[in-house]
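Asks: Here it is: the structure, laid out below.
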Amino acid sequence: MKKRFNIAIASGKGGTGKTTVAVNLAVVLADLGKCVQYLDCDVEEPNGHIFLKPDITSRSAVTVSIPEVNEEKCNGCGVCASICEYKAIAVIKDKVLIFPELCHSCGACSLLCPEDALVEVDNEVGELETGESQGIRFAQGRLNIGQIAAPAVIKAVKEAAQDCDIVILDCPPGTSCNVIEAVKDADLVILVTEPTPFGLNDLYLAVEMTKALAKPFGVIINRYDIGDDEVINYCNRENIDIFMKIPDDRRIAEAYARGDLVIKSNEWLNELFASLWDRIRIYLEKVSADHNGDFEKRKTEAGT
Amino acid sequence: MKEISVISGKGGTGKTSLVASFAAFAENKVLADCDVDAADLYLVVQPETIYQESFSGGGKAEIQEDQCTDCGLCLQQCRFDAISYPPSQNGEPAQIPWVNPIFCEGCRLCARICPVEAIAFEPAESGLCYISKTPYGPMVHARLGIAQGNSGKLVSLVREKAKAIAEKESRDYIIVDGPPGVGCPVIASITGSDLVLIVSEPTLSGRHDMLRAAELTAHFQIPTLLCINKWDIHPETADRIEREARQLGILPAGRIGYDPSVTKAQIHKTSVASYPDSPAKKEMHQVWENVIKTLNKSETG
Ligand code: SF4
Ligand code: SF4
């Protein structure tokens with residue numbers, strides 16, 4: 001299978017325009033003739049479907065494995081409860097109690113039960129949907145309400161990616177485990193931010209996370225004219241590439257509110273997003289000049 | 001003492017700006033910033049830290065190179081792909097496997113099964129929890145370390161500390177700035193709260209995320225109110241969100257119009273409450289009054 005080029009769109013802070021960038025970039029790339037896969041990894045609040053309006057052709061449950069007790073074999077020794085680091089098992093009066101919402105599916109209890117009395121069974125935590133939207137391959141995950149296993153759902157979404165040139169991963173906000181699961185296979189990370197103190201604080205955290213994962217990255221400043229210059233100053237100081245600046249424009253806000261793709265109703269935005277792809281290519285050339293051939297090869301295969 | 005959690009489902013709806021104003025309106029309260037992933041409240045309430053402690057979300061495994069025999073068992077069994085052979089300086093893969101601390105979930109399985117006991121497992125510091133003095137009263141906040149998991153546990157710690165202060169100092173309210181989403185940190189922020197306020201925005205995404213957040217508060221049976229921020233960006237959608245919320249038993253606590261002084265306040269490191277003529281200030285004040293009214297009603301009824 002051909003190596004896909006994975007672009008993760010992330011942001012430390014929510015509501016900065018991450019999904020706007022992800023869906024519009026996906027459409028611009030498809031218009032340029034690329035084979036694009038869009039993955040909505042924001043499984044707690046997936047919103048990409050509102051804009052891409054895909055035809056969903058398949059649905060499946062996402063499950064994780066949790067232990068189940070075979071009462072006949074269990075002698076109530078309590079080993080499982082003592083080894084579970086997440087307190088997902090308790091043994092009370094020789095009876096094993098399992099709390100699925102605390103279980104991390106590590107498999108320790110079933111592997112280490114001396115009586116071999118624990119088996120792993122599937123527990124549904126979310127849903128995976130795949131389909132198509134105007135030539136773009138679409139997949140999204142949805143965490144079931146009350147569940148915590150968002151990373152498992154994100155993993156299922158990533159595994160649903162089909163063979164294509166470019167994969168756009170619309171990531172959850174923040175910098176913790178969900179985001180890391182979404183970003184860890186990315187070849188490039190785009191961090192979307194706003195020029196405000198909150199935007200800067202959260203951008204800083206997102207940059208640190210991206211660096212910890214050793215990913216090449218650049219920044220998009222949305223509503224660049226609403227705040228101050230601190231984000232730009234920070235990027236300049238840290239030598240961070242700014243891929244694009246999107247102005248604060250009522251037409252963008254309205255298109256977003258309605259669930260429309262902004263590039264479709266605004267020619268100038270279409271051009272702005274097309275030039276984003278140019279900026280990304282220039283950046284990739286710069287990065288690959290500093291790196292070895294592997295990155296070079298994947299980039300060529302992405303058709304850049 | 002009453003605990004109010006402000007959440008949003010969707011990020012960026014203005015939740016923290018609203019909490020910062022509540023901080024100015026409410027009397028005798030403790031602030032708790034439970035958005036530990038993107039803790040921004042401290043930027044606008046001028047905190048002076050008086051206490052801090054480190055937080056451990058659990059342990060992490062570490063392979064002792066001199067003891068490892070490279071049997072490969074841990075690699076096979078780790079469910080989180082945290083163990084690999086990292087490329088060494090000369091480009092060749094290393095001889096001994098290595099645990100990537102970013103991916104290690106701290107389940108301890110590897111350390112338990114290693115036949116030569118070559119894997120150490122120690123609690124790892126994954127964040128800091130602070131108690132600060134602010135002009136608005138005490139605040140508990142935290143910072144999750146870069147690329148650290150288990151934010152739910154840190155959220156619980158922040159709430160615990162806030163509660164302890166509220167009890168000791170007989171404070172009337174705890175105001176919680178919650179995280180976005182519906183996953184583990186949000187659940188940790190709202191369970192056991194007296195009231196949840198969902199801050200939404202009049203967009204289809206805002207509506208979608210409000211419905212998910214509403215489902216979550218219903219799941220935990222927590223009384224919930226709704227506030228629509230920047231409602232005038234799309235009045236029809238604002239109406240629709242309120243209508244749908246009502247059907248779910250969630251009453252509106254008020255609307256806030258688009259007001260540039262909200263961003264201005266943030267840039268000046270304060271809340272809109274310090275802008276006496278700002279329309280958003282008055283509207284936010286009304287929201288707070290409604291929150292209090294609902295809390296008092298649930299007390300008597
Ligand atoms: S699988 Fe792991 S987390 Fe789940 S109950 Fe067993 S030991 Fe605990
Ligand atoms: S403690 Fe668990 S998650 Fe961490 S490396 Fe060992 S097996 Fe993997």
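Asks: Under 5 Å between amide H atoms, partner at least 5 residues away or on a different chain: which partners does A:Thr63 have, H built in plane at 1.01 Å?
Replies: A:Val125
Asks: Set the Förster distance to 22 Å, then compute FRET efficiency between A:Lys73 and A:Phe99 from the Cβ-Cβ distance, nearest 0.05.
Replies: 0.60
Asks: In addition: May I ask you to list the residues of the stretch A:233-267 whose amide nitrogen lies under 19 Å from a point 7 Å from Cα along the Cα→beta-carbon direction of A:Gln134?
Replies: A:251-267
Asks: For a label point 7 Å from the Cα of B:Ser156 along Cα→C-beta, name the residues of the stretch B:1-33 whose backbone N is under 20 Å from it.
Replies: Only B:3-6, B:32-33 pass the distance filter.
Asks: Here is a further query. Starting from the amide H of B:Ser200, placed 1.01 Å from N in the peptide plane, find each other amide H under 5 Å away whose residue is 5 or more places distant or on another chain.
Replies: Here the answer is B:Cys227, B:Ile228, B:Asn229, since their amide H atoms fall under 5 Å of that of B:Ser200.
Asks: Using 7 Å Cα-to-Cβ label points, what is the A:Asp122/A:Ala61 separation (nm, one decimal)?
Replies: 0.7
Asks: A further question on this structure: Enumerate the calculated ³J(HN,Hα) couplings along the stretch B:158-165 in order (Karplus 6.51 cos²θ - 1.76 cosθ + 1.60, θ = phi - 60°), each rounded to whole Hz, writing x wherever the residue is Gly or Pro.
Replies: The phi angles translate into 4, 5, 4, 5, 4, 5, 4, 5 Hz.
Asks: Run the dipole for the protein assembly as shown about the Cα centre, Lys and Arg Cβ at +1, Asp and Glu Cβ at -1, nothing else charged, and hand back the magnitude in debye, nearest 20.
Replies: Using only the charged Cβ atoms, the result is roughly 960 debye.
Asks: Work from the charge dipole of the stretch B:185-301 (Cβ charges, +1 for Lys and Arg, -1 for Asp and Glu, about the Cα centre) and give the residue of B:Val186, B:Ile222, B:Pro260 farthest towards its positive end.
Replies: B:Pro260
Asks: Something else about it: Go ahead and set up a Gaussian network model of chain A, Cα springs under 10 Å, then flag whichever of A:Ala274, A:Ala152, A:Ala214 fluctuates most.
Replies: In the Gaussian network model the winner is A:Ala214.
Asks: Sticking with this one: How far, in degrees from 0 to 90, does helix B:204-219 lean away from the longest principal axis of the Cα atoms of chain B, to the nearest 10?
Replies: 80
Asks: List the aspartates and glutamates whose Cα lies under 13 Å from the Cα of B:Lys230, skipping any in the same chain that are fewer than 8 positions away.
Replies: A:Glu254, B:Glu201, B:Asp239, B:Asp259, B:Glu283
Asks: Considering protein heavy atoms only and a 1.4 Å probe radius, which residues within the stretch A:137-151 exhibit an accessible-area decrease of no less than 40 Å² in the full assembly relative to the chain by itself?
Replies: Buried by 40 Å² or more upon assembly, which counts only protein chains, are A:Ile145, A:Gly146, A:Ile148.
Asks: The stretch A:67-172: which trypsin sites (Lys or Arg not before Pro) are DSSP loop and have at most 10 other beta-carbon atoms within 10 angstrom?
Replies: Sites meeting the loop and neighbour criteria: A:Lys87, A:Lys93.
Asks: Still on this model: In terms of modelled amide H atoms, which long-range or inter-chain residues lie less than 5 Å from the amide H of A:Val91?
Replies: Result for A:Val91 returns A:Leu97.
Asks: Run the dipole for chain A about the Cα centre, Lys and Arg Cβ at +1, Asp and Glu Cβ at -1, nothing else charged, and hand back the magnitude in debye, nearest 20.
Replies: 460
Asks: Restricting to bridges with both residues inside the protein assembly as shown, how much of the DSSP beta-bridge set is antiparallel, in percent to the nearest 5?
Replies: If we restrict to bridges inside the protein assembly as shown, about 50 percent are antiparallel.
Asks: Within a 10 angstrom radius of each residue's Cβ in A:42-50, how many Cβ atoms of other chains show up on average? Whole number is fine.
Replies: 6
Asks: Continuing with the same structure: Rolling a 1.4 angstrom probe over the protein heavy atoms, how many square angstrom per residue are accessible across the stretch B:1-124?
Replies: I get 44 Å² per residue for this part.
Asks: Can you give me the distance in nm between label points at B:Asp277 and B:Asn296, each placed 7 Å from the Cα along the Cα-to-Cβ direction?
Replies: About 3.2 nm, to one decimal.
Asks: Now a separate question. Going by a ≥ b ≥ c, the root eigenvalues of the Cα gyration tensor, does the protein assembly as shown fall in the rounded group (a/c under 1.5), the prolate group (a/b larger than b/c) or the oblate group?
Replies: In terms of gyration-tensor shape, oblate.
Asks: May I ask which residue of A:Ala90, A:Cys77, A:Cys109 lies farthest towards the positive end of the charge dipole of the stretch A:71-116, with charges of +1 (Lys, Arg) and -1 (Asp, Glu) on Cβ and the Cα centre as origin?
Replies: A:Ala90
Asks: Another question, if that's okay. By how many nm would the segment from B:His268 to B:Lys168 grow when fully extended, if each residue of separation counts as 0.36 nm and the alpha-carbon distance is taken off?
Replies: 32.7 nm
Asks: Of the listed pairs B:Lys161/B:Lys297; A:Lys155/B:Lys15; A:Lys18/B:Lys282; B:Lys163/B:Lys293, which have alpha-carbon separations greater than 24 Å here?
Replies: Listed pairs above 24 Å: B:Lys161/B:Lys297; A:Lys155/B:Lys15; A:Lys18/B:Lys282.
Asks: Still on this model: For chain A, give me every cysteine whose Cβ has no other Cys Cβ within less than 4.7 Å, ordered by residue number.
Replies: A:Cys41, A:Cys74, A:Cys77, A:Cys84, A:Cys103, A:Cys113, A:Cys171, A:Cys177, A:Cys235 - these cysteines have no disulfide-compatible partner (Cβ-Cβ under 4.7 Å) in chain A.
Asks: Nearest 100 Å² is fine: what is the total accessible surface buried where chains B and A meet, probe 1.4 Å?
Replies: About 4900 Å² of accessible surface is lost on pairing.
Asks: Quick one: Karplus J couplings for the stretch B:242-247, per residue in order, coefficients 6.51, -1.76, 1.60, θ = phi - 60°, nearest Hz, x for Gly and Pro?
Replies: Working through the residues one at a time gives 5, 5, 5, 5, 3, 4 Hz.
Asks: Through the Karplus equation 6.51 cos²θ - 1.76 cosθ + 1.60, θ set to phi - 60°, convert the phi angles of the stretch B:28-33 into ³J(HN,Hα) values in whole Hz; use x for Gly and Pro.
Replies: Going residue by residue, I get 6, 10, 10, 9, 9, 8 Hz, with x marking Gly and Pro.
Asks: If I build a Gaussian network model for chain B, linking alpha-carbon pairs within less than 10 angstrom, which residue out of B:Lys230, B:Lys168, B:Lys133 has the largest mean-square fluctuation?
Replies: B:Lys168
Asks: Dipole magnitude of the stretch A:85-162 about its Cα centre, charges +1 at Lys/Arg Cβ and -1 at Asp/Glu Cβ only, in debye to the nearest 20?
Replies: I would put it at about 260 debye.
Asks: Can you find, among B:Val99, B:Gln77, B:Pro87, the residue farthest towards the positive end of the dipole of the stretch B:58-124? Put +1 on the C-beta of Lys and Arg, -1 on that of Asp and Glu.
Replies: Towards the positive end, the residue furthest out is B:Gln77.
Asks: A follow-up question, please. Go ahead and set up a Gaussian network model of chain B, Cα springs under 10 Å, then flag whichever of B:Ser200, B:Ser17, B:Ser274 fluctuates most.
Replies: The residue that fluctuates most here is B:Ser274.
The values are calculated or read from the model by the stated rules, or taken from the named source; none is laboratory data. Since we're looking at a predicted model, the values are computed, not measured. For neighbour counting, all protein chains shown are included, and Cβ atoms are generated from backbone atoms with ideal geometry for every residue, glycine included. With ligands, DNA and RNA removed, areas are computed over all heavy atoms of the protein, side chains included. Shrake-Rupley method; radii C 1.70, N 1.55, O 1.52, S 1.80 Å.
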